[in-house]
Amino acid sequence: MDNLENAIIGLLSELVRINSVNMTLSHGPGENELSTLIRHRLDALKLRSQIQTIAPDRNNLIAVVSGTNSAKSLLLNGHLDTVGVAGMDDPFRLRQEGDRLYGRGAYDMKGSLAVMLLLAEYFTRHPPPLDILLTFVADEEDKSLGMDYLVEKWLCDISPPPLGAIFLEPTEENIGVCHKGFTWYEMEIIGRASHGSRPEEGIDAILPLRSALDELNKVQAELLNRTPDPLLGHATLHSSIIAGGTELSVIAGHSYLQWERRTLPGESRPDLDLELQRTVCAVENHPGKHEVKGRKLFQRPSYRVPDDAEILSRLQKASPQSSLAGLSFWTDAALAGKAGIPSVLFGPIGHGAHAVDEWVSLNSLLKVYETLKQLILDF
Ligand SMILES: [Zn+2]
């Protein structure tokens with residue numbers, strides 16, 4: 001056990017030492033140096049790995065640990081990128097305080113990458129009963145380009161498809177069985193700018209926003225009146241960005257409103273689009289000669305693993321003390337789920353994902369390792 005502890009700490013120090021702050025979200029260097037390091041580690045185990053270039057300077061990494069029965073496979077997934085490090089003193093040096101290992105990404109989710117590498121090491125020495133597909137993806141923290149690419153260009157061609165996937169995101173050792181999705185909307189109101197002293201020559205593009213906000217308020221109240229999902233609670237929405245006007249003495253000729261809707265499994269796209277139409281309609285009916293345009297900007301689906309998924313019952317058996325949990329945030333698991341691969345989330349206890357005081361529990365990493373090792377051995 002002591003050796004394993006040292007192995008995890010050593011590996012995690014190496015992983016944290018490499019800055020893999022997301023390129024597009026936080027202007028970091030991205031994932032390439034980290035994927036190269038992991039590739040060297042896998043090379044040392046004589047595991048053949050494959051780099052996937054998903055965009056200029058951005059890579060996924062895949063490796064397969066061959067099992068004694070190659071007709072079956074299990075997918076393990078982790079993301080290589082982290083969020084930014086603003087406000088952190090020494091983000092890339094792993095610091096231990098008792099059971100806590102501090103550093104950017106220690107919890108979300110380089111600790112889990114270390115677990116995946118240790119599993120690779122164990123199962124190259126003791127061939128597993130099925131193939132283990134190790135997937136390290138880029139850009140989870142921003143647009144999930146890595147997982148999108150992995151699903152489209154690789155996962156969909158695997159025959160037969162993996163019987164399940166485990167995403168090692170930090171879940172406090174709970175089993176994540178569902179999470180919310182989100183949709184982003186935008187509305188633009190076009191009026192006509194004019195001198196503030198001559199309002200009769202202008203068309204105010206700001207006042208009609210009031211009708212949009214009123215309508216969104218109504219939608220919000222309706223969502224809170226619905227029966228909540230037992231694990232995920234209510235669907236929600238919030239206005240995120242509002243802008244318009246140019247100068248104090250000018251009638252505003254333009255305004256914008258963007259809002260985000262957090263969605264539950266089972267909500268239909270037409271119902272969601274109806275909320276946009278309602279809001280556009282409310283602005284159209286607002287007195288005045290303004291024009292209004294509404295559109296959907298971006299969408300990610302919610303996800304729930306089927307109740308009878310084999311991967312779920314096997315993980316429950318391997319970790320009987322774990323509760324089933326719903327995650328309020330979106331995860332890459334939805335993309336594998338959408339491609340037909342039953343997916344669950346399971347990872348360590350810790351604190352401070354996306355915060356300045358990020359740490360992961362060493363004991364919990366050991367437990368996640370032992371749990372997943374046993375789950376694989378039981379196949
Ligand atoms: Zn994460």
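A quick yes/no check of all residues on (1) of a type in the set (G, A, S); (2) more than 16 Å from the ligand (Cβ to nearest atom); (3) in the same structural domain as L315 (by TED's automatic domain parsing):
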position	(1), (2), (3)
F136	no, no, yes
D139	no, no, yes
S144	yes, no, yes
M147	no, no, yes
V151	no, yes, yes
P162	no, yes, yes
I166	no, no, yes
E173	no, no, yes
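Which of the helices (runs of 4 or more DSSP H) contained wholly in segment 1-82 include at least 2 residues that are under 25 Å from V360 (Cα atoms), among the polar types (S, T, N, Q) and in contact with a strand residue (DSSP E or B) (Cβ under 6 Å, 6 or more places away or on another chain)?
Those helices (runs of 4 or more DSSP H) span 32-44.
What strands (runs of 3 or more DSSP E), lying completely within segment 154-223, carry at least 1 residues that are open to solvent by 70 Å² or more (accessible area, probe 1.4 Å)?
The strands (runs of 3 or more DSSP E) meeting that bar are 181-190.
When you go through (1) within 21 Å of the chain's Cα centre (by Cα); (2) away from the ligand (no atom under 16 Å from the Cβ); (3) open to solvent by 50 Å² or more (accessible area, probe 1.4 Å) one by one for F329, which number turns out not to apply?
(2)
Consider segment 347-371. How many of its residues are away from the ligand (no atom under 13 Å from the Cβ) and in contact (Cβ under 8 Å) with a residue 24 or more places away in the chain?
15
For residues that are surrounded by fewer than 16 Cβ atoms within 10 Å (Cβ to Cβ) and more than 12 Å from D139 (Cα to Cα), tally how many sit in segment 54-71.
5
Kindly provide the set of residues from segment 104-143 that are out of contact with any Asp or Glu (no Cβ under 8 Å at 6 or more places or on another chain) and among the hydroxyl-bearing types (S, T, Y), ordered by number.
Y122, T124, T135
Would a scan of segment 348-371 turn up a residue that is over 16 Å from K110 (Cα atoms) and open to solvent by less than 30 Å² (accessible area, probe 1.4 Å)?
Scanning segment 348-371 turns up at least one residue that is over 16 Å from K110 (Cα atoms) and open to solvent by less than 30 Å² (accessible area, probe 1.4 Å).
Only one residue in L80, L76 is within 16 Å of the ligand (Cβ to nearest atom) and over 17 Å from S20 (Cβ atoms), so which one is that?
Residue meeting the stated conditions: L76.
Inside segment 251-349, counting only helices (runs of 4 or more DSSP H) that do not spill past its ends, which hold 2 or more residues that are within 26 Å of H238 (Cβ to Cβ)?
In segment 251-349, the matching helices (runs of 4 or more DSSP H) lie at 269-284, 333-338.
State all residues of segment 166-219 that are of a type in the set (V, I, T) and under 22 Å from the mean Cα position of the chain (by Cα); if no residue qualifies, say none.
I166, T171, I175, V177, T183
Scan L101, L119, L134, L150 and give me the residue that is touching a residue at least 12 places away in the same chain (Cβ under 8 Å), assigned to a helix (DSSP H, G or I) and more than 17 Å from the chain's Cα centre (by Cα).
One residue alone meets the criteria, L119.
Against the conditions (1) touching a residue at least 40 places away in the same chain (Cβ under 8 Å); (2) among the small types (G, A, S); (3) over 24 Å from S302 (Cα atoms), where does A235 fall short? Just the number, please.
Of (1) touching a residue at least 40 places away in the same chain (Cβ under 8 Å); (2) among the small types (G, A, S); (3) over 24 Å from S302 (Cα atoms), only one is false for A235: (3).
The values are calculated or read from the model by the stated rules, or taken from the named source; none is laboratory data. Only a predicted model underlies this, so the values are computations on that prediction, with no experimental measurement involved. All Cβ positions, glycine included, derive from the backbone under ideal geometry; neighbour counts span all protein chains shown. Ligands, DNA and RNA are stripped out before the accessible areas are found, and what is left, the full protein with its side chains, is counted by its heavy atoms. Shrake-Rupley method; radii C 1.70, N 1.55, O 1.52, S 1.80 Å.
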